[in-house]
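Following: one structure in structure tokens, then a few remarks.
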Amino acid sequence: MSNLPIFVYGTLKRSEKNHRILCRNYCAVFTAEVCGSLHDIGAFPMADIHSSGIIRGELYYIRPSCYVDI
């Protein structure tokens, strides 16, 4: 099984408060962006990939042994 790519934004990125959720589970990370915009829905932002704009984040490649953990 290959490493699973996951796009993250906000507090899951490096140097942010919730990065610890991913910090031991990835084997590679790259700066990335996707088309869309973020909307404030309360506790966390929601990504809307059907709207115009750019969401800047990071692309993590997660180890298969850690899929269940995240």
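Values in this text are rule-based calculations from the coordinates and carry no lab data. All values derive from a computational prediction rather than experimental measurement. All Cβ positions, glycine included, derive from the backbone under ideal geometry; neighbour counts span all protein chains shown.
Those strands (runs of 3 or more DSSP E) of the chain in which at least 2 residues are of a type outside the set (Gly, Ala, Ser) and surrounded by fewer than 13 Cβ atoms within 10 Å (Cβ to Cβ), considering only elements entirely within it, cover 26-35, 37-40, 54-62.
Keeping to the stretch 2-39, report how many residues are on the phi > 0 side of the Ramachandran plot and either touching a residue at least 24 places away in the same chain (Cβ under 8 Å) or touching a strand residue (DSSP E or B) at 6+ places or on another chain (Cβ under 9 Å) (or both). Total satisfying the criteria: 2. When the stretch 1-51 is filtered for residues that are in contact with a Ser or Thr (Cβ under 7 Å, 6 or more places away or on another chain) and of a type outside the set (D, E, K, R), the ones remaining, listed by number, are Asn18, Gly36, Ser37, Ser51.
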